[in-house]
Amino acid sequence: EIFYLPCGAPELNPDEYLNHDTKAAVNAERLPSTREELQSNLNAFMQRLARLPQHVMAFFQHPCAQYAAELR
């Protein structure tokens, strides 16, 4: 099912919760100084996230984004 989301309402989009976590994790220790360092940090974060399905499911448990987790 397709859900059309209004502009300016990122809280409705579970992807935005992933984006927030990604930016925070990739820059947690310090801002990467090279493209390679950025890519390495990003790959490490995504590999950790792949082992944490409960964390990924939490993106859909926010009250504004629960519509996306509904099974019909």
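The values are calculated or read from the model by the stated rules, or taken from the named source; none is laboratory data. This structure is a prediction, so every number in the text was calculated from the model and none was measured. Please note: Cβ atoms are built from the backbone with ideal geometry, for glycine as well, and neighbour counts cover all protein chains shown. Areas reflect the complete protein model, heavy atoms only, side chains present, ligands, DNA and RNA absent. Shrake-Rupley method; radii C 1.70, N 1.55, O 1.52, S 1.80 Å.
One line per residue, one yes/no per condition, for (1) open to solvent by less than 80 Å² (accessible area, probe 1.4 Å); (2) out of contact with any helix residue (DSSP H, G or I) (no Cβ under 7 Å at 6 or more places or on another chain):
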site: Phe3; (1), (2): no, no
site: Leu12; (1), (2): yes, yes
site: Ala25; (1), (2): yes, no
site: Pro32; (1), (2): yes, no
site: Gln39; (1), (2): no, yes
site: Ala44; (1), (2): yes, yes
site: Tyr67; (1), (2): yes, yes
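Cβ-Cβ distances below 8 Å connect the following pairs, each with a first residue in the stretch 1-30 that is over 15 Å from Cys64 (Cβ atoms), a second residue that is modelled with pLDDT under 90 and open to solvent by 60 Å² or more (accessible area, probe 1.4 Å), and a separation of six or more residues or different chains: Glu1/Arg72. Any idea which residue in the stretch 1-32 is nearest to the chain's Cα centre (by Cα), counting only those that are polar (S, T, N, Q) and in a loop (DSSP other than H, G, I, E, B)? So the residue we want is Asn13.
Scan the stretch 40-55 and give yes if some residue there is under 24 Å from Ala68 (Cβ atoms) and in contact with a Pro (Cβ under 8 Å, 6 or more places away or on another chain), otherwise no. Looking through the stretch 40-55, none of the residues is under 24 Å from Ala68 (Cβ atoms) and in contact with a Pro (Cβ under 8 Å, 6 or more places away or on another chain).
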